[in-house]
Amino acid sequence: MPPVRWGGLMSVAQLATNVPELSGEDPGLARRFLRYMALMREVEDRIERKLYRQGKVVGGVYVARGQEAIPVGVGLATEPADVIFPSHRDLAIFLIRGVPPRRIFAQYMGRVDGLTKGRDGNMHMGDIKLNIVSIISSIGASVPVAAGAALAMKYKGTRNISVCFFGDGATSRGDVHEGINLAAVQRLPLVLVCNNNQYAYSTPLEKQMAIANVADRAPGYGIPAEIVDGNDVFAVHAAARRAVAHARAGHGPYLLECKTFRMTGHSAHDPADYVPKHLFTEWEAKDPIRRLLDRMLDAGWTDRDEVSGFYAELREEVDEAIRWAEASPFPDPRTLTDNVYEQ
Amino acid sequence: MPTTYLEAIREGIWEEMERDPDVFVIGEDIGVYGGAFKVTAGMLDRFGERRVVDTPLAESGIVGAAIGAALMGLRPVAEMQFSDFIACAYDQIVNFAAKCRYRWGAAVPMVVRGPSGGGIHGGPFHSQNPEAPFIHTPGLKVIAPATAYDAKGLIKAAIRDNDPVLFFEHKGLYRRIKEDLPEGDYTVPIGKARVVREGKSVSVITYGAMVYVALEAAEALEKDGVSVEVVDLRTLLPFDEEAVLATVRKTSRVILLHEDTLTGGLGGELAARISEHAFEYLDAPVARIAAADTPVPFSAPLEEAFLPNRDKVIEKARWLCAY
C-alpha cells in the first residue's frame, strides 16, 4: 500500500524535511523489529491464552495480536526523552523503554512488582521516569494530556516530543478533538498515532464514522497526516520517522493512521462472533511478524535455524519471567490508603 | 491600600510565577483579555505568551493539557471561565488527574481555579457551586476561600502543592471583599479551618460567601443574647475534621451552611462525622441550611428564595436554641 499523505496547511513537499528515507535494507533494524514484535506477542499470548485461562490473571486482558508493528515501528522512532502515551494495544512501548517482561506479568497478576504495585491492572500502567504515561479507561482522554506534555516540551525549550496512541473508537470522543485542535493551534510537538483496527469493541468502523479514513480529518485541524499499512513494520517506522522529525522540527502535530485489524475480540472474554470470519482469514495472511520474517529470510538476513533458536530463547526468557512474577507477593492490604496524596 | 479578594488571587498567582519559572497560567481569554473577571489581567505583558496561554474554547482540553504539563514537571494554573464549565472537564479531573499518584505514582501538581457561586443573577450556568462531586473524589484537594488573606495564601499553597487542587473562588466576593494584606510572601495551610468568630450557643460551620451570611446572622443574634461561633472550613477536601468536632463539643448545637444545593452536599458528610464522633455532645439535631434542590434560577425573587440568607440562619439558630 503506497503511503497516502495529507498536507494540512503545508504542502506535502514541505513535510518532514531532511528525513532520510529508510532503505528497508537494514538487517540490524529488522532484528530489533523482530525482537520486540515477537516478545510482545509471546508475552500477550501467555497472558491471554494461558495465565488468564488458568485464573492467574483476572480482570480485563487486551492484546494486540496482529498489530505489533505499530508500537514497534513508532516506538523505535522515538528517543528516550520523548514522552509516550501508549494505548492498551501498545505493549511493545514498555519493552522498548526497558521494562522487563517479568514486571509486566506481575502487573497483570496484581503483584507488588507490577508497575502499579497492584493498584491497577493490565495495560493501565506507566512510569514517569521512563517517560511513559499510563492510559485511563475513558479512551481518548490521553490526547489532550499528551498535548499538554508536548506543551511542556516546548515550554522547557527541549527538542523532545510527545507521542500519543489511540484507536479508531477513540476518535469519536470529544477529548480527541479538543486535544488535537489545541495542539494544532499551539503548534505543539505531538505525534498522533491512530491504530485503526476497524473495530471498537463490537462496533465496526462504518458505525464509528461516516468517512473512509481517520486521516481525512487532519485537514480540518490544519495538520498533516498520512495513512500507512499498519502491518508493515518498515512502513510504520518510516512514516513514524517522518512524523517525529516534523514534530521535533517545531512544525506542530502530525497524524499517522495505521490501518490494521484486530485479530482477537476486544478483550479475552470476547469471542468476537460479530466479526465476519473471512476478515480473520484475510488478515491472518497479512500478519506483521510473518511478513517481517519472510522479508528477513528472503533477504538472507537470517535462516530457519537462527529463527528457531531465537524463538526457543524467547520462550525460555518468558518462562523465567512468569516464574519470577508468580513468586512476587501480592500487595499488603495495609497499604490500601497509601499514596492517595503525597506522603 | 486594601486588596480585594480578586486582587489577592491575582497577586498570589503572580508572585508564584515570579518565584518559580515552572508556574504558568492556561485558559480561555486569560491573556489579551485578562480573563472574564480580570483575574489574570496584566500577566501577558509581564510573563509573555509562553507562560500565559490563551486556548481554544475547550475545558476538557485545557485541563487535559494542564495534567500533561504537570506530569512533565510544570505547575499549571488552569482557569475555568466559570466553575460551572468544570463539568466539561470532569473526566480529566476525576479519572485522570485524581488517580495518577495512587495508580502509578505520578504527581500532578496542577491547580484548576475559577469563579463559582450565585447571587449575581448569572442564571443556571454561571452561578453554580460544583464542589460536591470533587469532594467525593479521593486524590483531589478542594479549596473555597472566603477572605482576601486566605485567597492569596491558599492559591499560593495550592500552586506549591504536589497534588491536583481545585480552587473555587466566589465571584460575589471578588470586588466586595477587601482587606489589608501583609507585605511579602505567606501561605495558608491546606486542610485547616479557621474560627472566624468565637461563640458559645450555636456553631455555624460554613465556607465561601456563606461565611459572611453566617457573620451577619451572628451579629443579629448577638443582640438577642445568642452567641454564635462561625467556623470557615477554607479547605473542603481534606476538610478539618478536628475543627468541626471541636466547635460542636464547645457549643453542642450546630448549623451546617453552604451555598451548594442540599442533597449530596458537603453538609451531609459533616453531619455524619458529627454523629459518629460527637453525638454525645449534641443538645439538638444537626441542622443544615443549603440552597434549594433546584438549578440556580435567574430571576431575582427566585434566586433570593433559592439561596441561603441571614434570616434563614437566624431562624434555624433560634429553633436550635429552643430545642
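The values are calculated or read from the model by the stated rules, or taken from the named source; none is laboratory data. Everything quoted here is computed from the prediction, not taken from an experiment. As a convention, Cβ positions derive from the backbone with ideal geometry for all residues, glycine included, and neighbour counts pool all protein chains shown.
A few comments on the model shown:
- Only residues that are crowded, with 23+ Cβ neighbours inside 10 Å and charged (D, E, K, R) were counted in the range B:101-140, giving 2.
- Test: residue in the range A:329-338 that is within 14 Å of chain B (Cβ to nearest Cβ), of a type in the set (A, V, I, L, M) and surrounded by fewer than 21 Cβ atoms within 10 Å (Cβ to Cβ): yes
- Pairing residues of the range A:115-144 that are at negative phi and in contact (Cβ under 8 Å) with a residue 40 or more places away in the chain with residues that are of a type in the set (Lys, Arg) and assigned to a loop (DSSP other than H, G, I, E, B), at Cβ distances under 9 Å and at least 6 apart in sequence or on separate chains, gives A:MET123/A:ARG89; A:LEU130/A:ARG97; A:ILE132/A:ARG97; A:ILE139/A:ARG173; A:VAL143/A:ARG173.
- Selection within the range B:285-308 - within 23 Å of the chain's Cα centre (by Cα) and surrounded by fewer than 17 Cβ atoms within 10 Å (Cβ to Cβ): B:ALA292, B:ASP293, B:THR294, B:PRO295, B:PHE298, B:GLU304, B:ALA305
- Test: B:ALA217 is within 17 Å of B:THR247 (Cβ to Cβ), touching a Phe, Trp or Tyr at 6+ places or on another chain (Cβ under 9 Å) and among the hydrophobic types (A, V, I, L, M, F, W, C): no
- Neighbours by Cβ (under 7 Å, 6+ apart or cross-chain): first from the range A:323-335, within 11 Å of A:GLY114 (Cα to Cα) and in contact (Cβ under 8 Å) with a residue 60 or more places away in the chain; second surrounded by 10 or more Cβ atoms within 10 Å (Cβ to Cβ) and among the small types (Gly, Ala, Ser): A:ALA325/A:ALA106; A:SER328/A:ALA106; A:PHE330/A:GLY110; A:PHE330/A:GLY118; A:PRO331/A:GLY118
- Considering residues of the range A:144-172 that are facing chain B (nearest Cβ under 10 Å) and under 21 Å from A:GLY230 (Cβ atoms) only, the residue nearest to the chain's Cα centre (by Cα): A:CYS164
- A Cβ distance below 6 Å, combined with a sequence gap of six or more or placement on separate chains, defines the contacts here; from the range A:148-177, residues that are basic (Lys, Arg) reach residues that are surrounded by fewer than 23 Cβ atoms within 10 Å (Cβ to Cβ) in the pairs A:ARG159/A:ARG248.
- Number of the exception - A:ILE136 against (1) of a type outside the set (S, T, N, Q); (2) within 14 Å of chain B (Cβ to nearest Cβ); (3) crowded, with 24+ Cβ neighbours inside 10 Å: (3)
- B:LEU282 vs. criteria surrounded by fewer than 22 Cβ atoms within 10 Å (Cβ to Cβ), touching a helix residue (DSSP H, G or I) at 6+ places or on another chain (Cβ under 9 Å) and under 20 Å from B:TYR207 (Cα atoms): no
- Answer residue from the range A:272-310, given it is loosely packed, with under 10 Cβ neighbours inside 10 Å and acidic (Asp, Glu) and is nearest to A:PHE33 (Cα to Cα) among those: A:ASP298
- Exclusive hit being of a type in the set (A, V, I, L, M, F, W, C) and buried (at least 22 other Cβ atoms within 10 Å of the Cβ), set B:LEU71, B:LEU57: B:LEU71
- Hey, A:LEU95 touching a Phe, Trp or Tyr at 6+ places or on another chain (Cβ under 9 Å), closer than 28 Å to A:ASP332 by Cα and more than 10 Å from every other protein chain (Cβ to nearest Cβ) or not: yes
- Pick from the range B:150-169, criterion away from every other protein chain (no Cβ under 14 Å) and of a type in the set (D, E, K, R), ranking: nearest to B:PRO76 (Cα to Cα): B:LYS156
- The test for being surrounded by fewer than 24 Cβ atoms within 10 Å (Cβ to Cβ) and either aromatic (Phe, Trp, Tyr) or away from chain B (no Cβ under 11 Å) (or both) holds for A:ASP113.
- Of the criteria (1) exposed (fewer than 12 other Cβ atoms within 10 Å of the Cβ); (2) at pLDDT 95 or above, which one A:HIS269 fails: (2)
- Boolean, B:ALA271 is buried (at least 22 other Cβ atoms within 10 Å of the Cβ) and under 20 Å from the mean Cα position of the chain (by Cα): no
- Being in contact (Cβ under 8 Å) with a residue 24 or more places away in the chain, among the acidic types (Asp, Glu), buried (at least 22 other Cβ atoms within 10 Å of the Cβ) and out of contact with any Leu (no Cβ under 8 Å at 6 or more places or on another chain) is a condition met by at least one residue of the range B:213-234.
- Residues (over 13 Å from A:HIS124 (Cα atoms) and either surrounded by 22 or more Cβ atoms within 10 Å (Cβ to Cβ) or more than 7 Å from chain A (Cβ to nearest Cβ) (or both)) located in the range B:89-100: B:ALA89, B:TYR90, B:GLN92, B:ILE93, B:VAL94, B:ALA97, B:ALA98
- When B:MET110 is tested against (1) within 10 Å of another protein chain (Cβ to nearest Cβ); (2) over 18 Å from the mean Cα position of the chain (by Cα); (3) under 15 Å from B:GLY27 (Cβ atoms), exactly one condition is not met: (2).
- Restricting attention to the range B:152-167, the residues that are in contact with a Gly (Cβ under 7 Å, 6 or more places away or on another chain) and within 16 Å of B:SER116 (Cα to Cα) add up to 1.
- Which numbered condition A:GLU320 fails, given (1) closer than 23 Å to A:ILE70 by Cα; (2) in contact (Cβ under 8 Å) with a residue 24 or more places away in the chain; (3) not aromatic (Phe, Trp, Tyr): (1)
- On inspection, A:LYS129 fails the criterion of being outside any loop (DSSP other than H, G, I, E, B) and more than 14 Å from chain B (Cβ to nearest Cβ).
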